[in-house]
Each structure stands twice: as C-alpha cells, then as structure tokens.
1. Using the number of other C-beta atoms within 10 angstrom as an exposure proxy, rank 39, 88, 2 with the fewest first.
2. Where the Cα atoms of the chain are projected onto their three principal axes, how long is each span, largest first, in whole Å?
3. Tell me the relative contact order for the chain as a rounded percent, counting alpha carbon contacts under 8 Å between residues six or more apart.
4. Distance from the Cα centre of the range 60-110 to that of the range 1-44, in angstrom?
5. Compute and list, largest first, the equivalent-ellipsoid semi-axes of the range 90-130 from the alpha carbon gyration tensor, each √(5λ) rounded to a whole angstrom.
6. Calculate for the chain the 222 nm mean residue ellipticity that helices alone would give, adding -39,500 (n - 2.57) per DSSP H run of length 4 or more and normalising by residue count, nearest 500 deg cm²/dmol.
7. How much of the calculated P(r) for the range 1-69 lies past 15 Å, in percent of all Cα pairs?
8. Would you kindly state how much longer the chain becomes between residue 84 and residue 113 on full extension, computed as 0.36 nm times their sequence separation minus their alpha carbon distance, in nm to one decimal?
Ligand code: THU
C-alpha cells in the first residue's frame, strides 16, 4: 500500500473517534509486514484515565488478530502541528516493532515521517529484562 493510501485510511478513521470530552479526533492505520492494515481511532471515557489513543486501538486490534510484525503507522489529527504519538503509544509500538516508521499528519494535510527510534530514543524493551 502506498503511504498516501495508508494515511487516507488514518484520516477516514477520525470519523469513528469517540471524543465527547476532548473533541480531538485521531485516526491511525497500522501496516504489518505482510501488508495487512489495522485501523484505529481514539475512544474516550468519562473516567479520563480510561481513554484509549488511536494508535493503541490499532495495535490491540492487530495483536489480538495474531499480527505483531509492524512496519509503519500513519497517524492523523486535527491540529496545526503534526499529531505525534503520545509517550504511552510510543512505548506500546516499541514493544513490537522498534524499527518501524511513524508518519504523522497535521490539519493541513502535511506529513512528517520519522523512525520510532527517533521518537523514543534509548527505549526500554524486553531485552532489558534479561
Ligand atoms: N490522542 C490520540 O489518540 N493519539 C495521539 O497521538 C495523541 C492523543 C487522543 C487521546 C485523547 O482522546 C485525545 O487525543 C486528546 O488527548
């Protein structure tokens, strides 16, 4: 799939976001090494700590369907700056695919692609546990 198409899927997922509190929809599209794509949106909760980001929705969908080998993720948000994954999502992505790429999109449709390792330098992984 082209990067543009992957991002289109992420943008379309913004419509599915459940965001009654922040009113900030985010969409994600996660591509696996075999080409399978899992999408996600943010799902908020009245107990704010229970909110789930779009990226983690996509990861949980993928892993629960037997996919862990992620190549890249497209993330679309509605702000002027690029919608970079939050710290928790960076850590969750790093668990499965530290060498994956992250493509972020802003409201104007511009994108910024960078390695996850740049977003989470010296990340903590399973190998640290011995
Ligand atoms: N959010 C995401 O879904 N992904 C990000 O990369 C940044 C933040 C969500 C969480 C919450 O529902 C809303 O955006 C505002 O923080």
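Quick note: the coordinates plus some simple rules give every number you see, no bench work behind them. Worth saying up front: this structure is predicted, and the values here are computed from it rather than measured. Note: ideal-geometry Cβ built from the backbone for every residue, glycine included; neighbour counts use all protein chains shown.
1. Numbers: 39 20, 88 12, 2 7.
Going from least to most buried by this count: 2, 88, 39.
2. 42, 36, 28
3. 20
4. Spelled out, the Cα-based centre of one part sits 9 Å from the other.
5. After diagonalising the Cα gyration tensor, the semi-axes are 25, 8, 7 Å.
6. Mean residue ellipticity, 222 nm, calculated: -8000 deg cm²/dmol.
7. Details: 1190 of 2346 pairs.
For the range 1-69, the share of Cα pairs beyond 15 Å comes to 51 percent.
8. Additional length available on full extension: 9.4 nm.
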